[in-house]
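The next block holds one structure in the form of structure tokens; read it before the comments.
The values are calculated or read from the model by the stated rules, or taken from the named source; none is laboratory data. Since the model is a prediction, treat every value here as computed from it, not as a measurement. Backbone-built Cβ (ideal geometry, glycine too); neighbour counts: all protein chains shown.
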Amino acid sequence: MDAEFDVKINTGLLFDYKMQVLYKQPVTIIMTAIGCLMIYGFITMRQWYFPVIAAILILYPPFDMLRLSLMQAKMVPAFKNGLHYKLSPEGILVKSGEEEQLVKWEQCVKATGSSKSYFVFTGKKNAFIFPRQCMGDKTEDVLRIICANMDPKLVKIKY
């Protein structure tokens, strides 16, 4: 069984992916917790600089990811022109213009999802983004192919 679809990556999809990666890192979780403690410290101790520190710790990471998403969506030609994916038992074939690359399933390290997209990671911060809106009626086939060809321990997709 194969599944083919075209994807146009926009700023919103990139931001969704970057937020998924960002908030699974321990440093971001710790920064957010410290920011919350700063808010609590302001309520109890009334130090003027506590909310400033809290705002920086809590708000800076998402704004930075939004800035990076905007830049990447404009600068990367593959995102502007769109990508064509073909998922098969051999792997994931990606076409962008004249370029073509096959990534075998053994190279995939994890599969997860969000409310907007599914992600198949090939490294810590490298992933294929499969937007639900672009897959349309092929979503079920794509999920079957991913689950059939990847180790079940690596697939963390909630249906």
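Taking the criterion of being touching a residue at least 40 places away in the same chain (Cβ under 8 Å), in contact with a helix residue (DSSP H, G or I) (Cβ under 8 Å, 6 or more places away or on another chain) and of a type outside the set (Lys, Arg), would at least one residue in segment 92-103 satisfy it? The answer is no, given that none of the residues of segment 92-103 is touching a residue at least 40 places away in the same chain (Cβ under 8 Å), in contact with a helix residue (DSSP H, G or I) (Cβ under 8 Å, 6 or more places away or on another chain) and of a type outside the set (Lys, Arg). Determine whether Val109 is out of contact with any His (no Cβ under 6 Å at 6 or more places or on another chain), β-branched (Val, Ile, Thr) and either free of Cβ contacts under 8 Å to residues at least 24 places away in the same chain or over 30 Å from Met31 (Cβ atoms) (or both). No. In segment 84-116, which residue that is within 14 Å of the chain's Cα centre (by Cα) and at pLDDT below 90 is nearest to Ile146 (Cα to Cα)? Among residues in segment 84-116 that are within 14 Å of the chain's Cα centre (by Cα) and at pLDDT below 90, the one nearest to Ile146 (Cα to Cα) is Gly113.
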